[in-house]
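**Q** The structure's right below; bear with me while I get my questions together.
Every number in this text was worked out from the coordinates using simple rules, so none of it is lab data. Computed from a prediction, not measured in an experiment: that's the story for all the values here.
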Amino acid sequence: MKSPKGQGSRSKLRDYFKVNVGKVLDSNILREVAGTSEWARRVRELRNQEGMNIVTHNDMSNLKPGEYLLVDLKPIPSFERGISKETRAYVLDRNGFTCQMCGAAAGEPHPYDANRKTRLHLGHIIDKSMGGTDDRNNLRAICSVCNEGASNLTLNRPQAINLLAQIRRAPASDQLDVLKWIIKKFPNQAKVIIEE
């Protein structure tokens, strides 16, 4: 299973997937093969930039979170990642340099993996494979841990004080969208609160 020395993690993963076409691969083995905590990002690059037909539980219901499968060697259309430095800087600043899933701040020890510092990436709200774009309104800051996929399935739900802090930092238009959603979800309670 050892890969040649000096070979990059993406190349190691590419070779390993090709040798194991049609086999379900566990995230632990992929992390070991890649030799880096950024293994999930490399898998996404293989899928999105090189067009490898790698699927997860989001694509096939019989796969569990953390399982990956290279369906076949026939490439699927790849997506180019053309996010400018300006857009990247804007989105990170807009999101307060914090992960929009778990709230971890860039550079600080990660709350769910204290052995590594929080590294932020840009993630698509609507994935490109589902028609999403690289427009800044479809991008959000997301940390490496949440970006790995399965890690964020077991996170605790945010407390009200944390939610309110996020809403207070959001632009007024987003705050109004939250208000509309709450009124729609709780119409009877909203009437009582407004009358008070």
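**Q** Taking only Cα atoms and a 10 Å spring cutoff, compute GNM fluctuations for the chain and point out the largest among LYS184, LYS74, LYS12.
**A** So, out of LYS184, LYS74, LYS12, the one fluctuating most is LYS184.
**Q** Convex hull volume of the Cα atoms in the chain, per residue, in Å³?
**A** Values: hull volume 30.4 nm³, N = 196.
Each residue corresponds to 155 Å³ of Cα convex hull volume.
**Q** Which value at 222 nm does the chain reach when only helices count, each DSSP H run of 4 or more adding -39,500 (n - 2.57), with the total divided by all residues and rounded to the nearest 500 deg cm²/dmol?
**A** On the way: 8 runs with 76 residues, N = 196.
After summing the helix terms and dividing by residue count, I get -11000 deg cm²/dmol.
**Q** Related question: Please compute one quarter of the surface area of the Cα convex hull for the stretch 11-70 and express it in square nanometres.
**A** Working: hull surface 14.5 nm².
For the stretch 11-70, the mean projected area of the Cα convex hull comes to 3.6 nm².
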